[in-house]
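The values are calculated or read from the model by the stated rules, or taken from the named source; none is laboratory data. The model shown is predicted, which means the values in this text are computed figures rather than measured ones. Virtual Cβ from ideal backbone geometry, glycine too; neighbours counted across all protein chains shown. Each accessible area value is taken on the protein alone, full model and side chains, heavy atoms only, with ligands, DNA and RNA left out. Shrake-Rupley method; radii C 1.70, N 1.55, O 1.52, S 1.80 Å.
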Amino acid sequence: MPRVIHKSTIKRARQAEKRTLRNRTVLSAVKGVMKKVLSAVDQKNANEAKASLREAASALSKAVTKGVLKRNTASRRISRLAAKVNALTSARS
């Protein structure tokens with residue numbers, strides 16, 4: 001609850017709570033999908049890693065669209081995940 005008792009500050013606090021909750025759900029979903037990719041890489045399962053990488057890239061892009069993540073942050077995370085998946089597939093060849 002805001003310190004200043006004013007209509008607009010109370011409304012802003014209410015909106016901030018909603019936004020925080022919405023952002024937290026999106027971020028936790030993104031983290032879950034990223035963990036799925038990393039666990040597939042750890043298990044050296046190339047097919048599953050590729051499929052979950054596609055899913056993770058989509059989730060990260062959606063997070064950018066919703067304003068939860070910055071564009072460069074999402075791009076960097078996708079790049080790092082892709083590098084790990086590519087290293088796994090090139091090692092198998």
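Out of the stretch 21-80, which residues are of a type outside the set (Lys, Arg), over 30 Å from Ala91 (Cβ atoms) and within 13 Å of the chain's Cα centre (by Cα)?
If the condition is that a residue be of a type outside the set (Lys, Arg), over 30 Å from Ala91 (Cβ atoms) and within 13 Å of the chain's Cα centre (by Cα), then Asn23, Thr25, Val26, Leu27, Ser28, Val64, Thr65, Gly67, Val68 are the ones that fit.
Search the stretch 37-62 for residues that are modelled with pLDDT of 95 or more and pair each with any residue that is open to solvent by 50 Å² or more (accessible area, probe 1.4 Å) and part of a helix (DSSP H, G or I) when their beta-carbon atoms are under 7 Å apart and the residues are at least 6 apart or on different chains.
From the stretch 37-62, the pairs are Ala40/Glu48; Val41/Lys84; Ser52/Lys36; Ala59/Ala29; Leu60/Arg77.
So if I check each of Ala57, Ala13, Ala40, Ala49, which one is more than 15 Å from Lys84 (Cβ to Cβ), open to solvent by less than 90 Å² (accessible area, probe 1.4 Å) and assigned to a helix (DSSP H, G or I)?
Ala13
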